[in-house]
Amino acid sequence: MQSTTWGDNNQQDMCFLNDYFDEKLCRKPKGMKQILLERGKWKEGLRANCQLCKNGDKDPNRVDCCARRIISLEPDFVAQKGALHEIISTAGHKCGRLQKTVPLGLDSVNLTTIRKFARKTWHYMDIYRKEIEGKLAEYAVKKYKSHRHVLDNILEELNKVEI
Ligand SMILES: [Zn+2]
């Protein structure tokens, strides 16, 4: 986990440092309480999570009901992108909205095509399990007409070829 900057250019590490006085915590990720304590935003008796937040209630007027809510509203946490997004951006690419794009892509393929590919994939898996590879596997998949019945014939045929 990388460090972050909050408020008026304050650095904060997300893990306890190597020389933290409590050896058990050295290099371990900080919890929400520790993060809020360091920011002066921890209140005694604050709960980690509350029922409203668990229920998905995002009332913008409720800003300090629980530690999770307070942290989720901190500007540096709001600005934090997911790890995958960061990797894609760092590589100089634009990160499309995968959660929207993937279902759209899948919806654009008709069910018959999906079933054909699924069936072919099963045939390849079955053939690979029988340790048939390369050109022979491709040949065997083409010969695969119905479920398992044809495969036995194909295996006999392939065995003849090897002899
Ligand atoms: Zn809450």
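The values are calculated or read from the model by the stated rules, or taken from the named source; none is laboratory data. Fair warning: this is a prediction, and the values are worked out from it, not measured in the lab. Using ideal geometry, Cβ is built from the backbone for each residue, glycine included, and neighbour counts are taken over all protein chains shown. For the accessible areas, the whole protein counts, side chains as well, though only heavy atoms, and no ligand, DNA or RNA atoms are used. Shrake-Rupley method; radii C 1.70, N 1.55, O 1.52, S 1.80 Å.
Data table
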{"read-out": "Extension gain, PHE21 back to LEU73 (0.36 nm per residue minus Cα-Cα distance, nm)", "value": "15.7 nm"}
{"read-out": "Exposure of SER108 as accessible area (Å², to 10), given a probe of 1.4 Å and all protein chains", "value": "90"}
{"read-out": "Summed residue charge, Cβ within 11 Å of ASN49's Cβ, Lys/Arg positive, Asp/Glu negative", "value": "+4"}
{"read-out": "Protein accessible area in the stretch 4-80, 1.4 Å probe - carbon and sulfur %", "value": "51"}
{"read-out": "Solvent-accessible area per residue for the chain (1.4 angstrom probe, square angstrom)", "value": "79"}
{"read-out": "Exposure ranking of THR4, THR121 by accessible area [1.4 Å probe, largest first]", "value": "THR121, THR4"}
{"read-out": "MRE, 222 nm, helices only [DSSP H, n ≥ 4, -39500 (n - 2.57), over the chain, to nearest 500]", "value": "-15000 deg cm²/dmol"}
{"read-out": "Where N is the number of residues in the chain, Cα Rg divided by 2.2 N^0.38 Å", "value": "1.83"}
{"read-out": "ALA48/ASP107 FRET efficiency (R0 35 Å; Cβ-Cβ; nearest 0.05)", "value": "0.35"}
{"read-out": "Label point distance in nm, ARG97-ASN55, each placed 7 Å from Cα along Cα→Cβ", "value": "2.7"}
{"read-out": "Radius 15 Å from Cβ of ASP76, net charge of other residues (Lys, Arg +1; Asp, Glu -1)", "value": "-1"}
{"read-out": "Angle between the chain longest axis and helix 98-107 axis [Cα atoms, degrees, rounded to 10]", "value": "30"}
{"read-out": "Residue-span extension gain [HIS85 to LYS120] - 0.36 nm each, minus C-alpha spacing", "value": "9.3 nm"}
